[in-house]
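One structure below.
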Amino acid sequence: MTVGTGAGLDTADMVLNIGPQHPSTHGVLRLKLTLDGERVVACEPIVGYMHRGAEKLFEVRDYRQIIMLANRHDWLSAFANELGVALAVERLMGIEVPERAIWLRTAMAELNRVLNHLMFLGSYPLEIGAITPMFYAFRERETLQAVMEEATGGRMHYMFNRVGGIKEEVPAGWTRRARQAIGLVRSRLPDLDRVIRHNDIFLARTVGVGVLTAAQAAAYGASGPVARASGLDFDLRRDEPYLAYDQLTVPVVTKKNGDCHSRFEVLLDQAYVSLDLAEECLDRVDKISGPVNVRLPKVVKAPEGHTYAWTENPLGVNGYYLVSRGEKTPWRLKLRTASYANVQALATLIPGCLVPDLIAILGSMFFVVGDIDK
């Protein structure tokens with residue numbers, strides 16, 4: 001588009017592609033930007049570069065195998081992804097999961113939440129020029145990864161949930177070692193907090209930048225830390241509890257400004273909350289004995305019908321719509337992922353910002369592209 005300036009000079013808007021190999025995204029996303037000088041006047045997020053057809057693959061794998069596929073769409077929230085599928089299948093089959101498995105699942109879901117948040121708490125400042133927070137975040141991640149790996153055998157893709165419970169009993173003394181790891185991380189997390197939360201340069205890059213109002217967040221279906229930073233007080237752990245959350249008091253962290261800094265603060269404050277919840281769950285696990293799974297038939301078939309199970313994943317609401325025709329594979333399994341809804345808001349957030357603010361806004365929306373493209 002050519003714009004006349006009235007002084008004999010014409011200027012033209014520039015169309016600029018960011019990506020689809022941009023290093024600041026957790027995956028491959030493309031942004032088609034229209035620029036007027038250094039200011040963005042239009043933004044079109046283009047997804048699909050990582051599409052693996054997971055939802056179609058669900059239809060040709062049985063209920064034990066689909067857990068592996070679901071595990072991977074958000075590779076930073078693997079345990080929570082597995083959990084959603086297991087809950088959906090268990091609900092359709094009417095399976096009652098043993099109490100010990102419920103509390104272990106809840107504890108690990110919260111540890112997985114902290115691991116997810118630490119990755120973004122380290123990588124987000126890195127994207128806008130702060131290197132040091134990444135070292136602090138990975139130090140804490142490794143401490144928690146060690147206990148998760150000891151219990152599950154996996155570092156990123158735990159594959160520990162099963163239809164009817166969890167894979168196996170945790171090793172002897174694991175809850176004690178997990179509590180020690182939680183205590184260590186809790187004592188050192190303020191190091192990361194002090195380095196970045198009130199850093200003058202970080203504040204200048206994030207405060208008042210990329211404001212998402214509560215109305216916009218609701219309109220786009222945003223959830224999780226992104227929505228709560230805009231003032232939407234919604235968390236499934238408290239509002240529609242699953243697992244053992246109905247027996248826990250879940251503090252929901254919210255902010256009002258809806259800018260990049262608020263989104264970062266929600267993530268940081270929520271990490272403290274999740275450490276406390278995980279420790280409380282481990283205390284309960286030590287008081288409960290018994291099995292951690294239900295014996296299933298050799299061929300697992302869900303009865304004909306449909307169900308919807310949603311969970312509060314680290315990045316927001318994750319839903320699984322399962323349709324069965326009484327066979328050993330799902331007839332349909334539709335994913336409603338947090339990242340897909342959150343990233344839609346970029347089309348509203350980015351126009352009007354300057355190019356240097358683009359990465360600050362993009363990184364603060366906390367999405368994983370595999371969770372968008374599925």
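The values are calculated or read from the model by the stated rules, or taken from the named source; none is laboratory data. For clarity, every value in this text was computed on a predicted model and none was experimentally measured. Cβ: placed from backbone, ideal geometry, glycine included. Neighbour counts: every protein chain shown. Heads up: the accessible areas ignore ligands, DNA and RNA and are worked out on the full protein's heavy atoms, side chains in. Shrake-Rupley method; radii C 1.70, N 1.55, O 1.52, S 1.80 Å.
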Q: Look through region 250-286, keep the residues that are open to solvent by less than 10 Å² (accessible area, probe 1.4 Å) and among the hydroxyl-bearing types (Ser, Thr, Tyr), and return whichever of them is nearest to residue 189 (Cα to Cα).
A: 274
**Q.** Which listed residue is among the hydrophobic types (A, V, I, L, M, F, W, C) and surrounded by fewer than 23 Cβ atoms within 10 Å (Cβ to Cβ), from 355, 343
**A.** 355
Q: State the number of residues belonging to region 219-253 that are acidic (Asp, Glu) and touching a helix residue (DSSP H, G or I) at 6+ places or on another chain (Cβ under 6 Å).
A: 0
Q) With respect to the numbered conditions (1) within 18 Å of the chain's Cα centre (by Cα); (2) not in a loop (DSSP other than H, G, I, E, B), which one is the sole condition not fulfilled by residue 150? A) (1)
Q | Of residues in region 1-47 being at pLDDT below 85 and acidic (Asp, Glu), the one most open to solvent (accessible area, probe 1.4 Å) | A | 10
Q: Consider residue 238 carefully, then state whether it is basic (Lys, Arg), in contact with a Phe, Trp or Tyr (Cβ under 8 Å, 6 or more places away or on another chain), open to solvent by 30 Å² or more (accessible area, probe 1.4 Å) and assigned to a helix (DSSP H, G or I).
A: yes
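Conditions (1) more than 21 Å from the chain's Cα centre (by Cα); (2) surrounded by fewer than 21 Cβ atoms within 10 Å (Cβ to Cβ); (3) in contact (Cβ under 8 Å) with a residue 12 or more places away in the chain, marked per residue:
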residue: 65; (1), (2), (3): yes, yes, no
residue: 68; (1), (2), (3): no, yes, yes
residue: 87; (1), (2), (3): no, no, yes
residue: 90; (1), (2), (3): yes, no, yes
residue: 106; (1), (2), (3): no, no, yes
residue: 109; (1), (2), (3): no, no, yes
residue: 123; (1), (2), (3): no, yes, yes
residue: 127; (1), (2), (3): no, yes, yes
Q: Looking for whichever is acidic (Asp, Glu), touching a Phe, Trp or Tyr at 6+ places or on another chain (Cβ under 9 Å) and modelled with pLDDT of 95 or more here; the options are 312, 280. Which one fits?
A: 312
**Q.** Entirely in region 44-146, the helices (runs of 4 or more DSSP H) that have 3 or more residues that are closer than 18 Å to residue 336 by Cβ
**A.** 54-58, 66-70, 78-93
Q. Counting just the residues of region 318-340 that are within 12 Å of the chain's Cα centre (by Cα) and crowded, with 21+ Cβ neighbours inside 10 Å, which one comes out nearest to residue 34 (Cα to Cα)?
A. 339
Q: Can you give me the ranges of the strands (runs of 3 or more DSSP E) entirely in region 266-374 with at least 1 residues that are among the aromatic types (Phe, Trp, Tyr), touching a residue at least 60 places away in the same chain (Cβ under 8 Å) and under 19 Å from residue 232 (Cα atoms)?
A: 305-313
Q.
Only one of 61, 100 is among the basic types (Lys, Arg) and buried (at least 21 other Cβ atoms within 10 Å of the Cβ). Can you tell me which?
A. 100
Q) So which residues in region 292-317 are of a type in the set (Phe, Trp, Tyr) and either over 26 Å from the mean Cα position of the chain (by Cα) or surrounded by 15 or more Cβ atoms within 10 Å (Cβ to Cβ) (or both)? A) 310
Q: List every residue pair whose Cβ atoms lie under 6 Å apart, where the two residues are 6 or more positions apart in sequence or sit on different chains, the first residue falls within region 36-60 and is more than 18 Å from residue 85 (Cα to Cα), and the second residue, located anywhere, is open to solvent by less than 70 Å² (accessible area, probe 1.4 Å) and of a type in the set (Ser, Thr, Tyr).
A: 41/34; 42/34
Q.
Against the definition (of a type outside the set (Ser, Thr, Tyr), open to solvent by less than 70 Å² (accessible area, probe 1.4 Å), free of Cβ contacts under 8 Å to residues at least 24 places away in the same chain and over 28 Å from residue 367 (Cβ atoms)), how does residue 190 come out, yes or no?
A. no
Q) When both residues are 6+ apart or on different chains and their Cβ atoms are under 7 Å apart, which pairs have a first residue that lies in region 135-150 and is at negative phi, and a second that is crowded, with 16+ Cβ neighbours inside 10 Å and not in a helix (DSSP H, G or I)? A) 148/158
Q) Could we say that residue 195 is farther than 30 Å from residue 93 by Cβ, in contact (Cβ under 8 Å) with a residue 40 or more places away in the chain and open to solvent by 70 Å² or more (accessible area, probe 1.4 Å) here? A) no
Q: Inspect all residues belonging to region 209-217 and state whether any of them is open to solvent by 10 Å² or more (accessible area, probe 1.4 Å), in contact with a strand residue (DSSP E or B) (Cβ under 8 Å, 6 or more places away or on another chain) and in a loop (DSSP other than H, G, I, E, B).
A: no
Q | Residue under evaluation residue 169, criteria (1) open to solvent by 70 Å² or more (accessible area, probe 1.4 Å); (2) under 18 Å from residue 123 (Cα atoms), criterion not met | A | (2)
